[in-house]
Amino acid sequence: MTGVIVLVIILASSLSAGGKPYKQLYAVHLNGKLGFINRNGRVVIPPMFDEVLHFQDGIAPVKVGGKWGYIQENGKYLIEPRFDDARNFLVGLAAVKVGDRWGFVNTKGQFSISLQYDFARAFADSGDTPDENFNTARVKLKGEWLLIDTKGNVYLRPRVEDLGPLEEGLAPAKVAGLWGYIDRKGKMVIPPEFEAAKGFGAALAVVERNEKWCFIDKKGAYVVPCKFDGADEFTEDGLAPVKLEGRWGYIDRTGKLVIAPQFDGARPFENGLAEVRTAEGYGYIDNTGRFVWKPSK
């Protein structure tokens, strides 16, 4: 995908510890900084950050002055900026980098899994459904890819060249230069025949074959043919970004274009909005293609 586009949305179905739904917040670019708006387009956290990632479980990683920290939905710091890199919280844990090592901290900023990894990414919903409450994170230790559980124990040690997130029970895995998918036991269930592969979302995955992008189901069958120059995942909103002739638009699950290619960049929909990039900057559209937040920088 061209450029770096920050899509920051909290899933409406996510609940706080008190059982209340988390707010739906969206990152916006204003005067060279990033802040957050609500679903109505009102700025609720003023633009003051150099970089941000999306809110997850009511917490968002933010970068200020070269260091990463974490804020809450009210804009106050949960953890002051002190990390060299950071990823999202899930199940109370977040991957952070200090120096050249990665580990995992809890919401108090204390290390629950010590700094030891060459590379680490956020925990993911790894079960067949989110209700399963099965979570793993992919890490690299001494050049070897691992999936770990929330205690830091090795859950799976796949013999692969590269590894994507274990989501919806399957993970992209690279073997002999090509990508396929392994299951929770490490068995290759979709043969490695793709130049690139992304994690599953809404029961479909985005793959590249013969320099064209397409969508497969969990059996490896092609649901949308390989005809796009770029693509990203489907979400529960039922639309996916695709690239044709240098421009991005959106298709439905049948492969039909529902928002014509017209953007320089595009991200998946969440809660009815998607972030897109134009020459004027970054904005948000609804599922009709209408701008809810006009592009800004």
Practice prompt. For ASN133 and SER114, calculate 0.36 nm times their separation in residues minus their Cα-Cα distance, and state this gained length in nm to one decimal.
Written response: 4.5 nm
Worksheet item: In percent, how large is the relative contact order of the range 170-297, given Cα pairs closer than 8 Å and 6 or more residues apart?
Response: 12
Worksheet item: Can you tell which of ARG277, ARG267, ARG159 shows the greatest fluctuation in a Gaussian network model of the chain with Cα springs below 10 Å?
Response: ARG159
Worksheet, complete the sentence: So for R0 = 22 Å, FRET eff. of ALA196-THR278 from the Cβ-Cβ r, to 0.05, ends up at 0.30
Worksheet item: Percent of accessible area on the chain owned by carbon and sulfur, 1.4 Å probe?
Response: 48
Item to complete: Under 19 Å Cα to Cα from LYS23, which lysines show up? Leave out anything in the same chain fewer than 8 places away.
Response: LYS76
Fill in: Global form of the chain, assessed from the alpha-carbon gyration tensor, a/c cut-off 1.5
oblate
Worksheet, complete the sentence: Diffing the range 91-105: the Karplus 3J(HN,Hα) column from phi (6.51, -1.76, 1.60, θ = phi - 60°), in whole Hz with x for Gly and Pro, holds 6, x, 10, 9, 7, 9, 10, 10, x, 10, 10, 10, x, 10, 10
Item to complete: For LYS212 paired with LYS140, estimate the spin-label separation in nm (one decimal), with each label point 7 Å from Cα along the Cα-to-Cβ line.
Response: 3.2
Worksheet item: Looking at GLN262, PRO225, PRO241, which one has the Cα that reaches farthest to the positive end of the dipole of the range 211-272 (charges on Cβ: Lys, Arg +1; Asp, Glu -1)?
Response: PRO225
Worksheet item: On average, how much accessible surface per residue is there in the chain, in Å², for a 1.4 Å probe, leaving out ligands, DNA and RNA?
Response: 46
Practice prompt. Quick one: which residues, 5+ away or cross-chain, put their amide H under 5 Å from the amide H of GLY265? H built at 1.01 Å from N.
Written response: TRP248, ARG277
Worksheet, complete the sentence: Quick calc, PHE291 & THR254: beta-carbon distance into FRET formula, R0 30 Å, rounding 0.05, result 0.75
Discussion item. What does the extension gain come out to for LYS187 and ARG82, with contour length at 0.36 nm per residue minus their alpha carbon separation?
Written reply: 33.9 nm
Worksheet entry | Label point distance in nm, LEU244-ASP149, each placed 7 Å from Cα along Cα→Cβ | 4.7
Practice prompt. Step through the table entries LYS33/LYS108; LYS97/LYS198; LYS108/LYS185; LYS140/LYS198, compare each Cα-Cα distance with 22 Å, and write down the pairs that go over it.
Written response: LYS33/LYS108; LYS97/LYS198; LYS108/LYS185
Fill in: Extended-chain gain in nm, criterion 0.36 nm per residue less alpha-carbon gap, LYS33 and LEU178
48.3 nm
Worksheet entry | Residue (of GLY177, LEU147, ASN31) at the positive-pole extreme of the chain, dipole from beta-carbon charges | ASN31
Discussion item. Output wanted: per-residue J couplings in Hz (rounded whole) for the range 22-39, from phi through Karplus 6.51 cos²θ - 1.76 cosθ + 1.60, θ = phi - 60°, x for Gly and Pro.
Written reply: 5, 5, 9, 10, 10, 6, 9, 9, 9, 6, x, 10, 10, x, 9, 10, 8, 4
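The values are calculated or read from the model by the stated rules, or taken from the named source; none is laboratory data. Keep in mind that what you see is a predicted model, and the values were worked out from it rather than measured. Here Cβ is always computed from backbone atoms with ideal geometry, including for glycine, and neighbour counts include all displayed protein chains. Note: areas computed on protein heavy atoms with side chains; ligands, DNA, RNA excluded. Shrake-Rupley method; radii C 1.70, N 1.55, O 1.52, S 1.80 Å.
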